[in-house]
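Structure record follows, encoded as structure tokens.
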Amino acid sequence: MNPNPEPVPALGDIPPDVFRKHLHEMADWIADYREKIEERPIAPNAKPGAVLAQLEAAPPETGASLDDIFADIERVIVPGVAHWAHPQFMSYFGCTTTSPGILAEMITAAMNVNAMTWRTSPAATELESLVLNWLRQWLRLPDDFSGVVYDTASISTMHALAVAREEASTSVRTLGLSGRTELPIFRIYVSDQAHSSVEKGAIALGLGEHNVRRLACDTQFRMSVAALREAVASDLRHGFKPLAVVATVGTTSTASVDPVREIAEVCAQYQMWLHIDAAYGGGLALLPEHESVTDGWAEADSLVINPHKMLFVPFDFSALYVRDIERLRRLFTLAPEYLHLRDPAGAEINYMDYGVQLGRRFRALKAWVVWRAFGREGIAARIREHLRLAQLFAGWVKDDPRFELSAPVMMGVVCFRLKNADDKAGDRKNSETVAGVNASGKAYLTQTKLRGRIIMRLGLGNILTTEDHVRRVWEIIRAAV
Ligand code: PLP
């Protein structure tokens, strides 16, 4: 017998009592993180590679204790992130986590179900249908629209454009695009403020980035319908096939809203697919006083909204609605044999049939928990407060002779810049102000470009943000100038 046998690695999960101990500690850690988040610097002032340099590069050969692992999380990982949940993080869109959302995510992780078919998790599928139906009603979309949940708006928009392509050309699903000289070159139209996810979709679908035409906007950063008509007419004269328009409700830089109803008329005239990118701005539909934001939506073929942007669902959750969603299902349904255990009456929904991915997270649970916890009224009240804070901030900008607003304030987004800075040096000053604010660790903004000039941008939407926080951030900005 070998007197010194190699220790046998343990099998199975970690012991239940160890798990329970860590779960309790984790509960306190998360609650403390939320309560004391303002004490943390919002983002590290680190160089790329700083996190990696602190971590063991070699793959672990033997297991470590959870105590050691969590110590490293505290030491390296937590200080190494930008704290999006911090109430003075006002970058991008104010996407936020919420306590009900965190609790739901913990349960989702514990159950670890795959929502690919109804059978693989009936409750995940049926809850997805339920929350999609709630959201459809809140968005005032007619009931011939049905939805599907994906991770992001980029993926939603790609799927919408895939259906548009199939409708316009038939059999791309089976025959593809390459080598088919009988097919026209398709064109997609967006405003020059549209999100780059449209180009990404065109790249993925073989439609070509250059066939996404970016059109001029009016003074309020809304797509010019005259420019759209001109582009379509010109493309038709040159033998292109107008395929789709992507109208944006809440553009990335300024949250402007394209004139959807007029765009819908052009789409109807030229039989183009109308996809609405309401990834951010769609949430405004929950406020009765903003009902007009939904004008023309009922005429669309598809619409994407990201409840993780304005509707308090933790990242990630994107809903795509398609009129007559059978068109999407026909395009993507393709079930391998091992997934053929389906209800013979076909009474169930199998969400894997509605897109490229097979395995799907159980995202509906967090939306269901958050939306039940707040209700439409509670959600609307919180959004209304963010809109008020945006207007308040805009008022301070207007009252300070050193600053000016760069775009109308439509939602929880304020674009502003230093006055008399319409040259490269001015751009640099605006950029440096954003960098200075962000380096303070006490506020976080983004910069963007409007009409060729760098501007500063503040995004509100964090559930923890109050008027005091916005006031403090304004003071930090003024001090940084
Ligand atoms: N559409 C708009 C208007 C956006 O602002 C964004 C990103 O912020 C997207 C689409 C892409 O979103 P996602 O990150 O979910 O793909």
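For segment 285-310, give me each residue that is out of contact with any strand residue (DSSP E or B) (no Cβ under 8 Å at 6 or more places or on another chain) and under 19 Å from residue 370 (Cβ atoms).
Correct list: 285, 286, 287, 309, 310.
Scan segment 260-289 residue by residue and report those that are under 13 Å from residue 229 (Cβ atoms) and within 16 Å of the ligand (Cβ to nearest atom).
263
Report, by residue number, each residue of segment 44-96 that is in contact with a His (Cβ under 8 Å, 6 or more places away or on another chain) and not assigned by TED's automatic domain parsing to the domain that holds residue 18. Walk me through how you get there before you give the answer.
Residues of segment 44-96 that are in contact with a His (Cβ under 8 Å, 6 or more places away or on another chain), as a first pass: 66, 70, 87-89, 94-95.
Within segment 44-96, 66, 70 meet the criteria.
For segment 161-175: of the residues being more than 16 Å from residue 211 (Cβ to Cβ) and touching a residue at least 40 places away in the same chain (Cβ under 8 Å), which is farthest from the ligand (Cβ to nearest atom)?
Within segment 161-175, the first condition is being more than 16 Å from residue 211 (Cβ to Cβ), and the residues that meet it are 163, 166-167, 170-171, 173-175.
Applying the additional criterion that residues be touching a residue at least 40 places away in the same chain (Cβ under 8 Å) yields 163, 166-167, 173.
Numbers: 163: 18, 166: 22, 167: 22, 173: 24 Å.
Selected residue: 173.
Every residue, every condition in (1) acidic (Asp, Glu); (2) part of a helix (DSSP H, G or I); (3) more than 19 Å from residue 301 (Cβ to Cβ), yes or no:
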position	(1), (2), (3)
166	yes, yes, no
177	no, no, yes
181	no, no, yes
189	no, no, no
195	no, no, no
199	yes, yes, yes
206	no, no, yes
214	no, no, yes
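Examine segment 432-439 for a residue that is within 30 Å of the chain's Cα centre (by Cα), within 15 Å of residue 91 (Cα to Cα) and part of a loop (DSSP other than H, G, I, E, B), and state whether such a residue exists.
Kept after step one, since they are within 30 Å of the chain's Cα centre (by Cα), are these residues of segment 432-439: 432-439.
Pick out the ones that are also within 15 Å of residue 91 (Cα to Cα) and you get 433-439.
Within this subset, residues satisfying the condition of being part of a loop (DSSP other than H, G, I, E, B) are none.
No, because not a single residue in segment 432-439 is within 30 Å of the chain's Cα centre (by Cα), within 15 Å of residue 91 (Cα to Cα) and part of a loop (DSSP other than H, G, I, E, B).
Could you identify the single residue in 394, 425, 421, 390 that is surrounded by 14 or more Cβ atoms within 10 Å (Cβ to Cβ), of a type outside the set (Val, Ile, Thr) and at pLDDT below 95?
421
Just name the residue that is nearest to the chain's Cα centre (by Cα) out of those in segment 251-295 that are among the hydrophobic types (A, V, I, L, M, F, W, C) and part of a loop (DSSP other than H, G, I, E, B).
Only one residue fits best here, namely 279.
Based on what the data block shows, is residue 335 more than 15 Å from the chain's Cα centre (by Cα), exposed (fewer than 14 other Cβ atoms within 10 Å of the Cβ) and assigned to a loop (DSSP other than H, G, I, E, B)? Break it down stepwise before answering.
Values: more than 15 Å from the chain's Cα centre (by Cα): yes; exposed (fewer than 14 other Cβ atoms within 10 Å of the Cβ): no; assigned to a loop (DSSP other than H, G, I, E, B): yes.
The answer is no for residue 335.
Test residue 257 against the stated conditions and say whether it is modelled with pLDDT of 95 or more and either under 22 Å from residue 371 (Cβ atoms) or within 16 Å of the ligand (Cβ to nearest atom) (or both).
Judged against the criteria, residue 257 is a match.
(1) within 25 Å of residue 80 (Cα to Cα); (2) modelled with pLDDT of 95 or more: which one isn't true of residue 403, the others all being true?
(1)
Working carefully through the options 94, 63, find the one that is assigned to a loop (DSSP other than H, G, I, E, B) and within 16 Å of the ligand (Cβ to nearest atom).
Numbers: 63 fails: within 16 Å of the ligand (Cβ to nearest atom).
Result: 94 is the single residue among 94, 63 that is assigned to a loop (DSSP other than H, G, I, E, B) and within 16 Å of the ligand (Cβ to nearest atom).
How many residues does segment 290-312 hold that are more than 12 Å from the ligand (Cβ to nearest atom) and either touching a helix residue (DSSP H, G or I) at 6+ places or on another chain (Cβ under 6 Å) or without any contact (Cβ under 8 Å) to a residue 40 or more places away in the chain (or both)?
10
Is it fair to say residue 320 is within 16 Å of the ligand (Cβ to nearest atom), modelled with pLDDT of 95 or more and not basic (Lys, Arg)?
Spelling it out, residue 320 is indeed within 16 Å of the ligand (Cβ to nearest atom), modelled with pLDDT of 95 or more and not basic (Lys, Arg).
Could you tell me which numbered condition residue 174 fails, if it satisfies all but one of (1) surrounded by 15 or more Cβ atoms within 10 Å (Cβ to Cβ); (2) out of contact with any strand residue (DSSP E or B) (no Cβ under 7 Å at 6 or more places or on another chain)?
So residue 174 meets the others, but not (1).
Within segment 184-224, can you find the residues that are surrounded by fewer than 18 Cβ atoms within 10 Å (Cβ to Cβ) and more than 19 Å from residue 451 (Cβ to Cβ)?
184, 185, 200, 203, 204, 206, 208, 209, 210, 211, listed by residue number.
Filter segment 97-115 down to the residues that are assigned to a loop (DSSP other than H, G, I, E, B) and over 19 Å from the mean Cα position of the chain (by Cα), then identify the one that is surrounded by the fewest Cβ atoms within 10 Å (Cβ to Cβ).
112
Here is a yes/no grid of residues against (1) more than 14 Å from the ligand (Cβ to nearest atom); (2) aliphatic (A, V, I, L, M); (3) farther than 23 Å from residue 306 by Cβ:
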| residue | (1), (2), (3) |
| --- | --- |
| 149 | no, yes, no |
| 156 | no, no, no |
| 191 | no, no, no |
| 206 | yes, no, yes |
| 212 | no, yes, no |
| 236 | yes, yes, yes |
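Tell me the residue from 91, 129 that is modelled with pLDDT of 95 or more and within 23 Å of residue 279 (Cα to Cα), please. Before you say what the answer is, go through the steps one by one.
Numbers: 91 fails: modelled with pLDDT of 95 or more.
Exactly one residue qualifies, and that residue is 129.
Exactly one condition in (1) buried (at least 17 other Cβ atoms within 10 Å of the Cβ); (2) part of a helix (DSSP H, G or I) is false for residue 118; which is it?
It fails just one condition, (2).
Could you check residue 94 against (1) over 29 Å from residue 393 (Cα atoms); (2) in contact (Cβ under 8 Å) with a residue 60 or more places away in the chain; (3) surrounded by 15 or more Cβ atoms within 10 Å (Cβ to Cβ) and say which number it fails?
Single failed check for residue 94: (1).
Please state which of the following conditions residue 342 fails to meet, knowing it meets all the rest: (1) in the same structural domain as residue 253 (by TED's automatic domain parsing); (2) under 30 Å from residue 282 (Cα atoms); (3) surrounded by 14 or more Cβ atoms within 10 Å (Cβ to Cβ); (4) not hydrophobic (A, V, I, L, M, F, W, C).
Tallying (1) in the same structural domain as residue 253 (by TED's automatic domain parsing); (2) under 30 Å from residue 282 (Cα atoms); (3) surrounded by 14 or more Cβ atoms within 10 Å (Cβ to Cβ); (4) not hydrophobic (A, V, I, L, M, F, W, C), residue 342 fails exactly one: (2).
Which one is surrounded by the most Cβ atoms within 10 Å (Cβ to Cβ) among residues in segment 440-471 that are in contact with a helix residue (DSSP H, G or I) (Cβ under 9 Å, 6 or more places away or on another chain) and assigned to a helix (DSSP H, G or I)?
470
In this structure, does residue 248 turn out to be within 16 Å of the ligand (Cβ to nearest atom) and part of a loop (DSSP other than H, G, I, E, B)?
no
The values are calculated or read from the model by the stated rules, or taken from the named source; none is laboratory data. What you are looking at is a predicted structure, and each value in this text was computed from that prediction instead of being measured. Because the Cβ atoms are built from the backbone with ideal geometry, glycine has one as well, and the counts that use them run over all protein chains shown.
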